[in-house]
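Nothing in this text is a laboratory measurement; each read-out follows from the coordinates by a stated rule. This structure is a prediction, so every number in the text was calculated from the model and none was measured. Virtual Cβ from ideal backbone geometry, glycine too; neighbours counted across all protein chains shown.
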Amino acid sequence: MTTNKLNKRIYYIVVWIVIAIMISGLLIDNPRLGEFGVVYISHSILVFILSLCLLIYPKNGTAVLRVTIIIVASVYFYVLFLFYPDTWSTFIFLCFIPALSILFFDSKLFYFSLLLNTILIMIVFGYILLIDRGLQYPYIEEDPLGNFFNFIASQIIIYFIFYLTSGRIKKQQIYYEQIQHSERLKTTGQLAAAVAHEIRNPLTVVKGFLQLFEQDSSFSDDRKGQFSLMIDELNTAEQVISQFLSIAKPDKENETENVNVNVVLQSVTDLLHSYGLLHDNRIELKVTGDCMISANIIEFKQLFINIIKNAIEASNIGDLVHVTTEREKEFVVIKVIDHGQGMSEAQIASLGTPFYSLKSKGTGLGMMICFNIVEKYKGTIDFHSSIGHGTTVTIRFPSSKP
């Protein structure tokens with residue numbers, strides 16, 4: 001919270017300095033000041049609009065407002081260049097207009113700004129060479145090719161600055177997401193280790209007495225039915241605890257082996273075939289080539305039972321769930337594709353978070369275990385989805401020799 005307040009304070013300080021400079025340009029030694037003509041009024045209006053956009057941006061930082069700021073700023077600098085031809089330094093500002101968009105960390109906005117600036121400079125150069133003919137802009141007309149090349153060079157330099165900055169930010173985002181995921185696993189593991197056994201012990205005692213009561217002939221059938229219902233709920237609670245423990249328990253002793261991905265996936269799809277029929281869904285498996293990885297076969301099966309089961313549950317009635325495997329250089333790539341309800345970007349970003357689930361009775365621990373297994377065997381898992389258009393889960397593992 002303190003950091004955000006400090007950043008906002010710095011932002012407003014910089015913006016007010018920029019506004020003060022623009023107002024100074026209007027009032028101090030301005031040759032158009034005494035005229036109050038179209039030029040001066042247009043200049044004043046642009047200063048007001050740009051100042052207003054910059055001041056309201058922190059409270060309403062939408063994509064539309066960012067585009068508006070870039071367009072208004074571009075028009076402002078081109079107006080300075082065209083309406084004040086005696087001030088030659090304004091040409092420099094035209095070269096650096098795309099640099100403004102870098103501050104918003106928006107790649108689409110940057111490319112838009114770069115394209116807009118290129119179109120505008122070509123129009124301006126055409127006007128100077130064909131209409132003005134060096135009357136007001138002799139420094140451009142005397143060497144139009146050199147000035148144009150200088151402009152292009154400045155755009156290339158700005159592009160490389162954007163490219164390097166964007167690449168670094170993406171790496172930081174990936175690193176931050178990895179840290180977040182590690183913290184989720186660590187937190188859940190500590191929680192599981194602290195409470196799982198303590199919860200399981202009283203559950204076992206209660207479940208044992210309920211089983212005795214269920215077999216006791218002195219209770220009516222209705223009461224025994226209630227006991228059965230309670231036992232089922234306790235079984236559900238034990239399954240959740242087991243999932244906690246599977247995350248928390250040390251598994252370094254688990255042996256790895258060369259796993260034939262195609263064979264294991266065939267086994268998993270056969271196992272889930274009847275489950276799919278309950279939802280009127282079929283699983284279509286397509287394998288390509290020899291796909292071998294080094295993993296624990298039980299965990300590998302657990303991973304894809306969870307993923308394919310989720311795909312079936314997300315699918316519409318009668319939809320196919322496609323499972324494919326193939327080799328890509330040194331990796332084995334497995335894709336699970338459904339055509340169901342899909343997910344938003346925000347929902348995808350929350351996957352793997354403890355207790356976050358899109359199911360009404362889900363705990364989110366199954367997906368968390370999937371992330372844990374993939375990370376354990378140095379793989380990657382990616383989700384590509386959109387609302388109403390299904391989901392593609394792509395999992396990559398380093399391949400191993402047969």
> Each residue of segment 150-155 in turn: what ³J(HN,Hα) in whole Hz from Karplus with 6.51, -1.76, 1.60 and θ = phi - 60°, glycine and Pro shown as x?
Replying inline: 4, 4, 4, 4, 5, 5
>> In whole Hz and in residue order, list the ³J(HN,Hα) couplings for segment 383-393 that follow from phi through the Karplus curve 6.51 cos²θ - 1.76 cosθ + 1.60, θ = phi - 60°; x for Gly and Pro.
In response: 10, 10, 7, 8, 4, x, 10, x, 9, 10, 9
> Using a simple spin-label model with points 7 Å from Cα along the Cα→Cβ vector, what separation in nm is obtained for Ala20 and Ile199?
Replying inline: 5.8
> If you place +1 on the Cβ of every Lys and Arg and -1 on the Cβ of every Asp and Glu, how big does the dipole about the Cα centre of the chain come out, in debye to the nearest 20?
Replying inline: 680
>> So I have (1) 64, 48, 43; (2) 64, 46, 39; (3) 107, 49, 41, and one of them is Cα extents along the principal axes in Å calculated from this model. Which one is it?
In response: (3)
> In degrees, nearest 10, range 0 to 90: what is the angle between the Cα axis of helix 261-278 and the longest Cα principal axis of the chain?
Replying inline: 80
>> Bins of 5 Å, beginning at zero and ending with the bin holding the largest distance: percent of Cα pairs per bin for segment 61-169, please.
In response: 2, 12, 22, 22, 18, 12, 7, 4, 1, 0
> Sequence-distant or interchain residues sharing an amide H contact under 5 Å with Val332, placed H: which?
Replying inline: Phe397, Ser399
> Karplus couplings for segment 141-147 from phi (6.51 cos²θ - 1.76 cosθ + 1.60, θ = phi - 60°), rounded to Hz, Gly and Pro as x?
Replying inline: 5, 5, 9, x, 5, x, 5
> Sorted by packing (mean other beta-carbon atoms within 10 Å per residue), highest first, where do 6-13, 148-155 land?
Replying inline: 148-155, 6-13
>> To test your reading of the geometry: what angle, between 0 and 90 degrees and rounded to tens, separates the Cα axis of helix 365-376 from the longest principal axis of the chain?
In response: 70
> Hey, what angle do you get for helix 2-27 against the long axis of the chain, alpha-carbon based, 0 to 90 degrees rounded to 10?
Replying inline: 20
>> Charges at C-beta only: +1 for Lys and Arg, -1 for Asp and Glu. How large is the resulting dipole of segment 27-162 about its Cα centre, in Debye rounded to 20?
In response: 580
> Which whole-number percent is the relative contact order of the chain (Cα, under 8 Å, 6+ apart)?
Replying inline: 10
> Can you list residues whose amide H is under 5 Å from Leu285's amide H, if they're 5+ apart or on another chain and H is modeled 1.01 Å from N?
Replying inline: Val323
> How many nm separate the modelled label positions at Glu326 and Thr165, each set 7 Å beyond the Cα in the direction of the Cβ?
Replying inline: 3.8
> Taking 0.36 nm per intervening residue step and subtracting the Cα-Cα distance, what contour gain separates Asp222 from Thr288 on full extension?
Replying inline: 18.3 nm
>> Taking 45 Å as R0, compute the FRET efficiency from the Cβ-Cβ separation of Leu229 and Glu345 and round it to 0.05.
In response: 0.65
> Using 0.36 nm per residue, how much length does the chain from Val206 to Leu52 gain when fully extended, once their Cα-Cα distance is taken away?
Replying inline: 48.8 nm
>> Taking amide H atoms as placed 1.01 Å from N in the peptide plane, list the residues 5 or more away in sequence, or in a different chain, whose amide H sits under 5 Å from that of Cys291.
In response: Val261, Asn262
>> Positive end of the dipole of the chain, charges at C-beta (+1 Lys, Arg; -1 Asp, Glu), about the Cα centre: which of Thr394, Asn310, Gly134 has its Cα farthest in that direction?
In response: Gly134
